[in-house]
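Novice: This is the structure I want to talk about, given as structure tokens.
The values are calculated or read from the model by the stated rules, or taken from the named source; none is laboratory data. This is a predicted model, so every value here is computed, not measured. Note: ideal-geometry Cβ built from the backbone for every residue, glycine included; neighbour counts use all protein chains shown.
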Amino acid sequence: MATTMQAIPTSLPEVLVLEPRVFGDERGFLFESYNRRTLAEVAGIDQPFVQDNHSRSSRHVLRGLHYQIRQPQGKLVRTVVGAVYDVAVDIRRRSTTFARWTGIELSAENKRQLWIPAGFAHGFLVLSEYAEVLYKVTDYYAPDCERTIAWNDLDLGVQWPLTGAPILSDKDRAGVRLRSAEVFE
């Protein structure tokens with residue numbers, strides 16, 4: 001039997017692009033967006049997901065870079081409407097890839113997902129008129145544990161595909177530089 005998903009490495013070894021096998025014809029399409037057994041076999045990811053989140057944002061909205069320090073969350077992210085540029089940043093101080101980032105376009109059209117393990121900050125920029133993003137997480141939301149690294153931290157140098165100033169929340173405007181952020185050891 002052919003696999004229903006392939007795992008594509010990124011420049012950060014633990015962060016993976018997951019590409020589903022899509023079955024489609026003139027009526028539409030079908031694919032498995034989540035199968036615990038397949039995810040474990042193909043990508044080595046066997047995590048209990050405890051919460052699903054769904055966000056909708058307008059063009060130029062930039063969310064991030066977010067993480068939870070004491071209740072870290074692994075995230076399985078996909079876009080079901082529109083397109084986003086999705087970014088993961090390694091914030092594990094002892095990692096050989098500390099302070100490095102990777103980014104990929106996730107869209108309703110390409111149906112790709114991004115696996116971002118615990119220990120990474122996450123953010124995205126909306127590229128389409130609007131986008132709806134779904135993500136499964138491995139721990140519950142804990143507002144007192146949430147932290148934000150500045151999306152434009154010069155030490156990180158994330159190359160966001162901006163065509164103007166991003167639209168930010170107050171929380172994202174208040175993000176701190178990585179050098180002063182609370183990170184994972």
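Novice: Among the residues of segment 47-76, count how many are loosely packed, with under 15 Cβ neighbours inside 10 Å, assigned to a strand (DSSP E or B) and of a type in the set (Lys, Arg).
Specialist: The number of residues fulfilling the criteria is 1.
Novice: Hey, can you tell me all the residues within segment 14-41 that are farther than 21 Å from Val80 by Cα and surrounded by fewer than 12 Cβ atoms within 10 Å (Cβ to Cβ)? Spell out the reasoning first.
Specialist: First pass over segment 14-41, keeping only residues farther than 21 Å from Val80 by Cα: 14, 37, 40-41.
Of everything in segment 14-41, just one residue is farther than 21 Å from Val80 by Cα and surrounded by fewer than 12 Cβ atoms within 10 Å (Cβ to Cβ), namely Arg37.
Novice: Follow-up question, since we're still on this one. Glu32 - would you say it is free of Cβ contacts under 8 Å to residues at least 12 places away in the same chain and over 19 Å from Glu182 (Cβ atoms)? Even if it seems obvious, please write down each step before you answer.
Specialist: Details: free of Cβ contacts under 8 Å to residues at least 12 places away in the same chain: no; over 19 Å from Glu182 (Cβ atoms): yes.
When the stated conditions are applied, Glu32 does not pass them.
Novice: State whether the residues of segment 101-110 include one that is in contact with a strand residue (DSSP E or B) (Cβ under 9 Å, 6 or more places away or on another chain), under 26 Å from Leu178 (Cα atoms) and either aliphatic (A, V, I, L, M) or in a loop (DSSP other than H, G, I, E, B) (or both). I'd like the intermediate steps shown before the answer.
Specialist: As a first pass, look at segment 101-110 and keep what is in contact with a strand residue (DSSP E or B) (Cβ under 9 Å, 6 or more places away or on another chain): 101-110.
Now narrow it down to the ones that are under 26 Å from Leu178 (Cα atoms): 101-106.
Filter once more, keeping what is either aliphatic (A, V, I, L, M) or in a loop (DSSP other than H, G, I, E, B) (or both): 104, 106.
The answer is yes, given that some residue of segment 101-110 is in contact with a strand residue (DSSP E or B) (Cβ under 9 Å, 6 or more places away or on another chain), under 26 Å from Leu178 (Cα atoms) and either aliphatic (A, V, I, L, M) or in a loop (DSSP other than H, G, I, E, B) (or both).
Novice: Within segment 135-151, take every residue that is in a loop (DSSP other than H, G, I, E, B) and surrounded by fewer than 17 Cβ atoms within 10 Å (Cβ to Cβ) and give me the one that is farthest from the chain's Cα centre (by Cα).
Specialist: Kept after step one, since they are in a loop (DSSP other than H, G, I, E, B), are these residues of segment 135-151: 138-142, 150-151.
If we keep only those that are surrounded by fewer than 17 Cβ atoms within 10 Å (Cβ to Cβ) too, we end up with 140-142.
Working: Tyr140: 16, Tyr141: 15, Ala142: 18 Å.
Applying the filter and picking the extreme gives Ala142.
Novice: Criterion first (closer than 20 Å to His54 by Cβ, modelled with pLDDT of 95 or more and under 15 Å from the mean Cα position of the chain (by Cα)) does Glu132 satisfy it?
Specialist: Values: closer than 20 Å to His54 by Cβ: yes; modelled with pLDDT of 95 or more: yes; under 15 Å from the mean Cα position of the chain (by Cα): yes.
So Glu132 fits the description; yes.
Novice: Is it the case that Arg59 is more than 15 Å from the chain's Cα centre (by Cα), at pLDDT below 95 and more than 19 Å from Tyr34 (Cα to Cα)?
Specialist: Values: more than 15 Å from the chain's Cα centre (by Cα): yes; at pLDDT below 95: no; more than 19 Å from Tyr34 (Cα to Cα): yes.
Taking the combined requirement at face value, the residue does not satisfy it.
Novice: Do any residues in segment 165-176 that are in contact (Cβ under 8 Å) with a residue 12 or more places away in the chain have Cβ atoms under 9 Å from those of residues that are surrounded by fewer than 17 Cβ atoms within 10 Å (Cβ to Cβ) and part of a strand (DSSP E or B), where the two are at least six apart or on different chains, and which pairs are they?
Specialist: Hits for this filter: Ile167/Ser58; Lys171/Glu146.
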